[in-house]
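Peer 1: Provided herewith is a single structure, encoded as structure tokens, for subsequent inquiry.
The values are calculated or read from the model by the stated rules, or taken from the named source; none is laboratory data. Keep in mind it's a predicted model, so treat the numbers as computed, not measured. For neighbour counting, all protein chains shown are included, and Cβ atoms are generated from backbone atoms with ideal geometry for every residue, glycine included.
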């Protein structure tokens with residue numbers, strides 16, 4: 001019984017780590033794109049040019065590189081994507097079973 005609780009706790013910790021990684025990737029992408037957009041708008045207004053599109057492209061590329069680096073670090077030595085998804089489904093099923101037992 002104690003081993004099951006410890007396993008569930010570790011599994012939930014892993015899921016929360018994965019969720020925080022997803023949030024981190026999303027925020028990184030948004031910040032890099034909007035920061036480059038702001039720089040592009042500033043350059044356009046200051047020097048009367050039209051380079052905002054290039055800065056947006058640079059923001060997307062830098063956000064993608066950062067996201068790839070974060071994901072590569074997270075999945076290094078970890079289970080494959082399908083194994084992680086399978087484990088998340090198992091946790092969701094266990095949680096639903098726990099709720100059914102408590103509701104009875």
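Peer 1: State whether one or more residues within the stretch 50-68 are assigned to a loop (DSSP other than H, G, I, E, B), farther than 30 Å from residue 9 by Cβ and at pLDDT 90 or above.
Peer 2: yes
Peer 1: Take residue 93 and tell me if it is at pLDDT 70 or above and either out of contact with any strand residue (DSSP E or B) (no Cβ under 8 Å at 6 or more places or on another chain) or loosely packed, with under 10 Cβ neighbours inside 10 Å (or both).
Peer 2: yes
Peer 1: Select from the stretch 1-29 the residues that are more than 12 Å from the chain's Cα centre (by Cα), assigned to a helix (DSSP H, G or I) and without any contact (Cβ under 8 Å) to a residue 24 or more places away in the chain and list them in ascending order.
Peer 2: Matches in the stretch 1-29: 2, 3, 4, 5, 6, 7, 9, 10, 13.
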